[in-house]
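Novice: I am attaching a structure below and will ask some questions about it afterwards.
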Amino acid sequence: VLWLLRFPAVGEPNIQQYAQNLGLPASRIIFSPVAPKEEHVRRGQLADVCLDTPLCNGHTTGMDVL
């Protein structure tokens, strides 16, 4: 499963189309809305791997998830 933050929501169709072009089922992509920090950190603890973009980076939240 690929679990992504819904930010921005307008990008979702592009990601779904790209996955479909690769033969991946859309049901394997989950988009979650932006949440308060505590909830965001709890989500990260449910994942096997947490990644962030090079421009934003995780910083404190990344450490909280660990």
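Novice: From (1) in a helix (DSSP H, G or I); (2) without any contact (Cβ under 8 Å) to a residue 24 or more places away in the chain, pick out the condition that doesn't hold for D52.
Specialist: Here D52 meets the rest and fails (1).
Novice: Another question about this same structure. From the list P13, P33, which one is of a type outside the set (A, V, I, L, M, F, W, C) and within 11 Å of the chain's Cα centre (by Cα)?
Specialist: P33
Novice: With respect to G11, is the statement that it is at pLDDT below 90 and surrounded by 10 or more Cβ atoms within 10 Å (Cβ to Cβ) true?
Specialist: No.
Novice: Only one residue in G44, G23 is of a type outside the set (K, R), in a helix (DSSP H, G or I) and free of Cβ contacts under 8 Å to residues at least 60 places away in the same chain, so which one is that?
Specialist: Within the list G44, G23, the selection yields G44.
Novice: Looking only at region 32-48, how many residues end up being closer than 23 Å to A9 by Cβ and either of a type in the set (F, W, Y) or surrounded by fewer than 10 Cβ atoms within 10 Å (Cβ to Cβ) (or both)?
Specialist: Qualifying residue count for the region: 4.
For every residue, the table says whether it meets (1) among the aliphatic types (A, V, I, L, M); (2) modelled with pLDDT of 90 or more; (3) more than 12 Å from the chain's Cα centre (by Cα).
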| position | (1), (2), (3) |
| --- | --- |
| V1 | yes, yes, no |
| R6 | no, yes, no |
| Q20 | no, yes, yes |
| P25 | no, yes, yes |
| Q45 | no, no, yes |
| V49 | yes, yes, no |
| L66 | yes, no, yes |
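Novice: Follow-up. Can you tell me how many residues in region 51-64 are of a type outside the set (D, E, K, R) and either at pLDDT 90 or above or under 17 Å from L2 (Cα atoms) (or both)?
Specialist: 2
The values are calculated or read from the model by the stated rules, or taken from the named source; none is laboratory data. Treat the numbers as computed from the prediction; the structure is a model and nothing was measured. All Cβ positions, even for glycine, are placed from backbone atoms using ideal geometry, and neighbour counts span all protein chains on display.
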